[in-house]
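Nothing in this text is a laboratory measurement; each read-out follows from the coordinates by a stated rule. Here the structure is a predicted model, which means the values were calculated and not measured. Note that each Cβ is placed from the backbone with ideal geometry, even for glycine, and that neighbours are counted across all protein chains shown.
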């Protein structure tokens, strides 16, 4: 499904919805649509970051990544004063 | 939260309008949480769609960068420049060369930069740029060819009065040199089109120290709001990079005792204080590139605590100067339990929002990086002033101006962050102060 252009990505029923079809057409109209809490949505979205060998953001190719104790495992790092290559 | 519905409604539009850009969504949300309530309570800003306008880049430049590697093979990368907001001055923000660079991550960084630059009180708009090019494993020649190719595309859009990029991750003095060289060839102009230049050809004195020095100047003023001085205070610092080196240097010079620094491997505890040649050794460790703070403990016979963070030690002041989200809820609890007086961020966003809420609840002096680490961008602004006047300042002149800027930022945080009980919420103060300056300029300039 063309997820990004679909209203489903902002719907609170998205995870459990049985109506979502599996075509490539985006869903633009739905009588069951209900807006999800945006805060919840943002938190969920940022967790689905692209991982490269389990690392995200700047850590992808930082030479300290394997032993770094500065970062917290669940956050994506975009700012780091200790980044090294 | 009060006005959650209004924040959600605004964010809904942002998400629909920028699909798939989750990093950008989060950045906008964090600002909207403070600013939308402020807009609702201040009629001057209502009905003008100010936040909608700020969240939309004025211009996004996306371009192909073709270049040849040492084997003669053609490589293709993608280049970006996000010109986010120019109401306060020419776009200003770093260039990042890293494989994680995307439109989404750069829009997030550009959005942050608008408010950060506004806070400095200098005439700086906000922007960010870069490429998904990774300098890792590339030869000097390859990096030069890439920088030339990058500049060959972007030079049309930048200029000393239009858009002034700086360095960031993957773009240091060497890359700025190559970029500047190509700009000069293409335009036949020697202007302040980039900052972070070499000292001999337009760079500013004190740039490497600026962020760390600025943090300490800001933290000193925070203490003064409670009638305290820096003299004799024990300071726990994380990191041993540029920012922490500057902060350790200045804090020690001003009579504080820095008892920790940390690295990716753990931290060291030096109860006698890090001063004199020990500070010089921090620089040496960087040059050696071992990235292990244990070296410091081995050389000076101080305690080394592997795999731990420095916030567990008893101290008066915490300066997180290493990495985003390094100081978590548990660390904040340690800091509160150990009766710290002040936490001033030296890195960008090192404290998680849970940690910040705990500091605010405990009425600790806490300042966000956008305020306390603005010294770096402030000295970049001072570099622009020197370039425009073709007159380099002495170190003392730059330092005086830096102190003045940090002092103004502090006053603005108080102006918008002080509540009825006298507590200063520096986060709220910094967010609103940054917003008000941009919003007022936008209103003055019509529909921009």
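Within the stretch B:192-282, all pairs of alpha-carbon atoms sorted by distance into 5 Å bins from zero give the percentages 3, 13, 22, 21, 16, 11, 8, 4, 1, 0. Extending 7 Å from the Cα toward the beta-carbon at both residue B:78 and residue B:190 defines two label points whose distance is 3.8 nm. For the pair residue B:408 and residue B:308 in one chain, pulling the backbone fully straight at 0.36 nm per residue adds 32.4 nm over the alpha carbon distance.
Rounded to the nearest angstrom and ordered from largest down, what semi-axes does the equivalent ellipsoid of the stretch B:207-372 get from its C-alpha gyration tensor (root of 5λ)?
Details: eigenvalues 102, 58, 43 Å².
Each semi-axis is √(5λ); the values are 23, 17, 15 Å.
Averaged over the residues of peptide B:3-16, the number of Cβ atoms from other protein chains lying within 10 Å of each residue's Cβ is 3. P(r) for chain B, from all Cα pairs and a bin width of 10 Å, is 4, 21, 30, 28, 14, 3, 0 %, short bins first.
Give me D for the stretch B:59-201 in µm² s⁻¹, whole number, from Stokes-Einstein with Rh from the Kirkwood sum over alpha-carbon pairs, 4 °C and 1.567 mPa s.
D = 86 µm²/s.
Using 7 Å Cα-to-Cβ label points, what is the residue A:29/residue B:396 separation (nm, one decimal)? The answer from the label model is 7.6 nm. Between residue B:17 and residue B:363, full extension at 0.36 nm per residue minus the direct alpha carbon distance yields a gain of 120.7 nm. Both radii come from the Cα set of the stretch B:6-111: Rg as radius of gyration, Rh as Kirkwood radius; their ratio Rg/Rh reads 1.09. May I ask you to derive the FRET efficiency for residue B:5 and residue A:63 from their Cβ-Cβ distance with R0 = 35 Å, giving the value to the nearest 0.05? That pair, residue B:5 with residue A:63, gives E of 0.15.
Computed from the Cβ-Cβ distance with R0 of 51 Å, the FRET efficiency linking residue B:419 to residue B:71 stands at 0.25.
If you wrap the tightest convex hull around every Cα atom of the stretch B:297-448 and split its volume per residue, you get 170 Å³. Helical runs (DSSP H, four residues minimum) scored at -39500 (n - 2.57) apiece and divided by the length of the protein assembly as shown put the mean residue ellipticity at 222 nm at -13500 deg cm²/dmol.
The distance between label points at residue B:140 and residue B:272 comes to 4.0 nm (points 7 Å beyond Cα on the Cα→Cβ vector). For the pair residue B:199 and residue B:228, the difference between a 0.36 nm per residue extended length and the Cα-Cα distance amounts to 6.7 nm. Multiplying each eigenvalue of the alpha-carbon gyration tensor of the stretch B:300-378 by 5 and taking the square root yields semi-axes of 20, 17, 12 Å, largest first, rounded to whole angstroms.
Counts of other chain beta carbons within 10 angstrom of each beta carbon in peptide B:18-26 average 5. In plain terms, the residue of B:293, B:343, A:38, B:74 with the fewest other Cβ atoms within 10 Å comes first and the most crowded comes last, giving B:74, A:38, B:293, B:343. Ranked for footprinting exposure by Cβ neighbours inside 10 Å, fewest first, A:63, B:200, B:21 give B:200, A:63, B:21. Across q = 0.13, 0.19, 0.22, 0.31 Å⁻¹, the stretch B:399-448 modelled as identical point scatterers on its alpha-carbon atoms has Debye log10 I(q)/I(0) values of -0.39, -0.69, -0.79, -1.00, in the order of the q list.
Taking the fewest neighbouring Cβ atoms within 10 Å as the starting point, the ordered list for B:61, B:164, B:169, B:40 is B:40, B:61, B:169, B:164.
Beyond 19 Å, the tail of the calculated P(r) for the stretch B:264-319 holds 27 percent of the Cα pairs. Quick check for you: which residues of the stretch B:422-438 have the amide N under 15 Å from the point 7 Å beyond the Cα of residue B:48 toward its beta carbon? Residues passing the 15 Å test: B:432-438. The Cα-based radius of gyration of the protein assembly as shown, divided by its Kirkwood radius, gives an Rg/Rh of 0.96.
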